[in-house]
1. Only one of (1) open to solvent by less than 60 Å² (accessible area, probe 1.4 Å); (2) within 29 Å of Ser44 (Cα to Cα) is not met by Gln77, so which one is it?
2. I'd like the full set of residues that are in a loop (DSSP other than H, G, I, E, B), touching a residue at least 12 places away in the same chain (Cβ under 8 Å) and of a type in the set (A, V, I, L, M, F, W, C), limited to the range 136-182.
3. Take the residues in the range 90-125 that are more than 30 Å from Asn70 (Cα to Cα) and assigned to a strand (DSSP E or B), then tell me which one is least open to solvent (accessible area, probe 1.4 Å).
4. Any residue at all in the range 173-195 that is surrounded by 13 or more Cβ atoms within 10 Å (Cβ to Cβ), at pLDDT 95 or above, within 27 Å of Gly8 (Cβ to Cβ) and out of contact with any Pro (no Cβ under 9 Å at 6 or more places or on another chain)?
5. What is the residue count in the range 35-49 for residues that are under 25 Å from the mean Cα position of the chain (by Cα) and within 30 Å of Asn96 (Cα to Cα)?
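The values are calculated or read from the model by the stated rules, or taken from the named source; none is laboratory data. Bear in mind the structure is a predicted one, so any value in this text is a computation, not a measurement. In this analysis, Cβ positions are derived from the backbone assuming ideal geometry, glycine residues included, and neighbour counts consider all displayed protein chains. Please note that ligands, DNA and RNA were not included when accessible areas were found on the heavy atoms of the full protein model with its side chains. Shrake-Rupley method; radii C 1.70, N 1.55, O 1.52, S 1.80 Å.
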Amino acid sequence: MKTVSLSGSLRENVGKKDAKKHRKEGNIPCVMYGGQEQIHFVASDKAFRKLIFTPEVYIFNLDIAGKTYNTVIQDVQYHPVSDNILHIDFLEIQPNKPVNISVPVKVVGTAPGVLKGGKLILKTRKLKINALMQYLPDEITVSIDPLDIGDSIRVKDLKVDNITFMDSHNTVIVGVRTARVLVEETPGAEGAAVEGAAAEGEKGKVEEEKKK
């Protein structure tokens, strides 16, 4: 997995008022946990924008007060209206302890069902995995070569060494569905309906004549 370096400054105070002050200054309040203690710090908002708003996932090498930590993002809080980043939670990675992280799905290959006119539908864009740091992948590659119309690939169909998938085994990742509904008409059905209507009309005329 790709690694990026980021520097942060320790927060002297923790609270809503202090967090609001840092945001006005162009910084994002953050917390790192998973180690011996929680560390509250701030980092430049500009440093995150190209890293957060992307499907890629990174290991963050954080430099805080002269110490470095290998971390991954666990949660990001956004403003409900502006979508500005309000707060970020980091998890410190321990060398011998697996971590949970969501990684993007990359679809490769050509599905026979698509060549027949079917529509490829990607249902799951990210998968949650559990793995040690050295086995964390940039993405999970899924081949669609076996997919015909009506087929799908689920989490239980994936086999990747040294990785445990945390999503439900029956979660559909990608599938091929019919692009349109074909309506089959029974030969002669329309004609039979017309003849039936004509017969009913003739019957009605005969009944009217009898009444006269």
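1. (1)
2. Within the range 136-182, Leu136, Ile144, Leu147, Ile149, Leu158, Val160, Ile163, Met166, Ala179 meet the criteria.
3. From the range 90-125, those more than 30 Å from Asn70 (Cα to Cα) are 108-123; that's our starting set.
From the residues that got through so far, the ones that are assigned to a strand (DSSP E or B) too are 108, 118-122.
Values: Val108: 51, Gly118: 11, Lys119: 123, Leu120: 71, Ile121: 61, Leu122: 55 Å².
Only one residue tops the list, namely Gly118.
4. Checked against the condition, which is being surrounded by 13 or more Cβ atoms within 10 Å (Cβ to Cβ), at pLDDT 95 or above, within 27 Å of Gly8 (Cβ to Cβ) and out of contact with any Pro (no Cβ under 9 Å at 6 or more places or on another chain), the range 173-195 yields no hits at all.
5. Number satisfying all stated conditions: 2.
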